[in-house]
Amino acid sequence: AVRNGFGGDAAKSAESYKLILSQLNPEIAKVPEALKSMGEHISITSKLMGGDIVAASGVLTTAMNQFQVSTDDPIAASREMGSMMNIMAAAAAEGSSELPQIKAALEQSGMAAKTANVSFAEANAAIQVLDKAGKGGAEGGVALRNALAILGQGRFLPEQVQQELASAGVNLDILGDKSLSLADRLKPLQKIAGDSALMTKLFGRENMNAAIAMVAGIDEIERYTQVIQGTNAAVEQAATIMESPAEKASRLQARIDDLKVSVFNATGGWLSYAATIGSATRDLSGLAPVIMAMGKGVMWLANTQNIAGAA
């Protein structure tokens, strides 16, 4: 059995490998180094999710698939997975949206963010701002997706909306400029943030509150984007969790399980009979007084017969 650096046993490692190959690309199996590295990322993330390998795999593979990370170079893809892992862990630590909610939001908005050239870090920042505004999980993801779609319409917005935005001094070209960050694209809307009627015309009644929250949270989006990049947050959080009594006990059990497998292999499988042999031995031990009594009885009968014959 092979344990990874974070206390996972061989069975969990095998499960993570299976999930990687099925959810990303089976060709990754041809590059064992990349597969092992991705498995380690899943193991680390699982520590932040109560040891749930499947949930951790879902978070990481959803992020990669939604942002269309190429797996043509598995080593590079593994590095990107590690970066995404740390960004999401740092975002969860800084904000209020946890990893399962981040996954749900990315399922709804990740591809739209990628298409709109919004970085993974800034998408996570926006998800955290929306979560604090009461738009958590999938709801926040839908709100972000819709906002990005509307910002990208530019000159294709309804004529009346374009005129009113122009009258308010809002530059439509900036709203849809994919070379700018999301925060910079939102900044022109600060001029109309107090005009709920125009914000409703622009974003629609169902998206208006989320749009206002993002415009009001521009500074927070920028702050989150900066502080959640370039960290080792997931690894550090996992290391802290590993010091808990429960995790230490889990690692000890993993070592015991490994020892069992090693001894089983070394004895050619005879260890599997140990329990049966032990049980039989206990049964025989329990019968020992009876057997001894029977033996004494046989000896008494024999002696009695010998005495009778001699008489």
* Asked: Rounded if a/c is under 1.5, else prolate if a/b is larger than b/c, else oblate: which is the range 25-159, with a ≥ b ≥ c the root eigenvalues of its Cα gyration tensor?
  -> oblate
* Structure fact -> So, with points 7 Å from each Cα along the Cβ direction, the K30-A216 label distance in nm works out to 5.3
* Asked: Expressed as a whole percentage, what fraction of the accessible surface of the range 96-168 belongs to carbon and sulfur atoms when a 1.4 Å probe is rolled over the protein heavy atoms?
  -> 49
* Asked: E243 to N65: FRET efficiency via 1/(1 + (r/R0)^6), r the Cβ-Cβ distance, R0 41 Å, to the nearest 0.05?
  -> 0.80
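The values are calculated or read from the model by the stated rules, or taken from the named source; none is laboratory data. Computed from a predicted structure; not experimentally measured. We place every Cβ from the backbone using ideal geometry, glycine too, and count neighbours over all the protein chains shown. Accessible surface is based on the protein model in full, side chains and every heavy atom, while ligands, DNA and RNA are left aside. Shrake-Rupley method; radii C 1.70, N 1.55, O 1.52, S 1.80 Å.
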